1. Please find, within the stretch B:71-87, the residue that is farthest from residue A:140 (Cα to Cα) out of those that are buried (at least 17 other Cβ atoms within 10 Å of the Cβ) and in contact (Cβ under 8 Å) with a residue 60 or more places away in the chain.
2. Go through the stretch A:162-171 and give me each residue that's without any contact (Cβ under 8 Å) to a residue 60 or more places away in the chain and either buried (at least 17 other Cβ atoms within 10 Å of the Cβ) or more than 17 Å from the chain's Cα centre (by Cα) (or both).
3. Testing residue B:184 on (1) modelled with pLDDT of 95 or more; (2) surrounded by 20 or more Cβ atoms within 10 Å (Cβ to Cβ); (3) part of a helix (DSSP H, G or I), one condition comes back false. Which one is that?
4. Would you confirm whether any residue within the stretch A:121-138 is in a helix (DSSP H, G or I), crowded, with 17+ Cβ neighbours inside 10 Å and under 19 Å from the mean Cα position of the chain (by Cα)?
5. Going through A:174, A:180 one at a time, which residue ends up being without any contact (Cβ under 8 Å) to a residue 60 or more places away in the chain and assigned to a helix (DSSP H, G or I)?
6. Looking for something without any contact (Cβ under 8 Å) to a residue 12 or more places away in the chain, assigned to a loop (DSSP other than H, G, I, E, B) and either out of contact with any strand residue (DSSP E or B) (no Cβ under 7 Å at 6 or more places or on another chain) or at the interface with chain A (Cβ under 8 Å from one of its Cβ atoms) (or both) - is there at least one such residue anywhere in the stretch B:46-55?
7. Consider the stretch A:83-102. How many of its residues are assigned to a loop (DSSP other than H, G, I, E, B) and buried (at least 18 other Cβ atoms within 10 Å of the Cβ)?
């Protein structure tokens with residue numbers, strides 16, 4: 001019997017794909033001459049778009065989270081210079097809605113993005129003309145982008161999210177009554193989706209880091225001898241957690257004004 | 001795409017057409033599933049998406065192997081391992097008589113494939129004879145993962161429209177939207193009985209109400225004692241009250257151990273139904289043979 005073809009060399013598993021450091025350092029966009037700062041901004045902007053569109057499309061948070069991870073992963077294979085970030089964000093939320101079993105019509109996705117863009121440009125509300133060339137063009141672009149994302153990621157589009165880990169871990173730590181702690185950890189998690197931590201760490205590690213950060217902020221003591229997080233995952237090294245925390249804090253600080261910006265638009 | 005030559009159309013799947021084809025590079029016979037994608041519809045169908053995502057992660061001798069996905073201009077070609085026929089056609093060809101050792105072997109292989117799926121947190125959700133393939137060597141392969149889903153992620157409710165009616169478990173028929181691996185076990189139990197009865201479907205209901213009636217007639221109408229919480233599911237409708245039938249009339253060709261296993265798989269309360277792993281440990285499978293001997 002013939003050996004089954006490997007899918008463009010992608011390693012398959014139900015676990016999330018963790019990229020090596022080299023791949024995270026030298027991105028295709030930077031090789032195309034895009035500055036690191038600009039790339040980070042485009043990553044955040046795309047994720048904000050996805051979050052805002054997801055709310056307007058009444059999707060559950062898990063669909064937005066999946067879409068954001070797909071979006072981030074895609075741009076470690078392809079360049080922002082060659083592939084439009086807005087189209088890709090549309091394709092990712094369209095695809096993630098299907099993956100998470102809450103499919104949305106492509107027409108609604110196109111229209112919601114159109115709406116957000118008009119808001120950003122402070123134009124009055126208007127529904128896109130479904131017979132227009134503009135609409136047909138956008139729609140066909142999104143469908144093409146959806147296939148590109150699938151091809152590039154080798155159909156590895158199941159994302160394991162740390163949300164559940166957070167809840168389980170807090171239960172084991174007997175902190176599951178502390179709603180403030182849960183909410184804070186949850187928020188850290190959702191914020192960190194705008195960064196590349198999901199390409200760097202396992203969901204278990206991310207969950208531990210979010211709890212660690214929140215507990216420290218709220219001044220809640222957790223077992224430290226041995227450190228509590230070692231119980232949950234053998235690979236959760238203190239150093240790893242530390243690095244993660246730093247990157248979360250950095251990106252959250254940097255994020256705040258951008259998040260506010262788009263959220264305000266949605267609220268209006 | 002050039003290396004595959006279509007030989008003959010095998011059938012129409014849940015989406016797109018399936019062909020028997022030959023790979024000219026290797027000489028291997030494969031099944032090609034063609035999925036049309038055009039700009040007029042909603043991009044890649046979710047059926048195809050799920051099937052590809054999940055099958056890529058499942059590698060087991062009792063699960064159909066996905067070899068490759070070829071991206072065409074207006075279509076996707078999914079390349080599967082080729083199997084001669086599905087279980088339905090196999091049963092039809094048997095003309096009402098299936099050897100007990102085949103019943104045992106097929107059920108065992110089916111459960112092995114299922115146990116593997118479940119251990120990878122994947123529900124098949126559509127186990128029917130049409131979705132089970134039989135090779136020339138008597139190997140059983142689970143196929144058609146278009147309705148399957150990964151249940152590792154937290155999900156509030158699943159779609160209640162799963163599994164072809166005859167193989168749908170009573171909890172799903174009653175509208176339960178939170179279900180687990182037990183729904184696949186119910187379907188497998190139905191097929192176990194169908195095989196032992198020479199290919200006669202066990203529960204051929206006409207619609208949801210009729211399906212429930214047939215189930216209750218055989219296994220008895222459930223109540224709070226045997227299935228805590230069922231009254232909540234049954235509150236919208238009146239169901240006639242039946243007593244369970246003797247299992248000997250339901251599966252007359254199964255031996256004592258077979259009947260016992262069958263009953264463990266067909267418990268009305270999903271939380272008390274046995275798991276695939278437990279079923280495989282059952283004494284009925286002692287000395288089971290792999291494929292034809």
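The values are calculated or read from the model by the stated rules, or taken from the named source; none is laboratory data. The model shown is predicted, which means the values in this text are computed figures rather than measured ones. Neighbour counts are summed over all protein chains in view; Cβ atoms, including those assigned to glycine, are modelled from backbone coordinates with ideal geometry.
1. B:87
2. Matches in the stretch A:162-171: A:162, A:166, A:167, A:168, A:170, A:171.
3. (1)
4. Checking the stretch A:121-138: not a single residue is in a helix (DSSP H, G or I), crowded, with 17+ Cβ neighbours inside 10 Å and under 19 Å from the mean Cα position of the chain (by Cα).
5. A:180
6. No, because not a single residue in the stretch B:46-55 is without any contact (Cβ under 8 Å) to a residue 12 or more places away in the chain, assigned to a loop (DSSP other than H, G, I, E, B) and either out of contact with any strand residue (DSSP E or B) (no Cβ under 7 Å at 6 or more places or on another chain) or at the interface with chain A (Cβ under 8 Å from one of its Cβ atoms) (or both).
7. Qualifying residue count, the stretch A:83-102: 2.
Every residue, every condition in (1) under 30 Å from residue B:112 (Cβ atoms); (2) assigned by the TED database to the domain that holds residue B:169; (3) at pLDDT below 95, yes or no:
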| position | (1), (2), (3) |
| --- | --- |
| B:194 | yes, yes, no |
| B:200 | yes, yes, yes |
| B:206 | no, yes, yes |
| B:210 | no, yes, yes |
| B:229 | no, yes, yes |
| B:236 | no, yes, yes |
| B:267 | yes, yes, no |
| B:274 | yes, yes, no |
| B:279 | yes, yes, no |
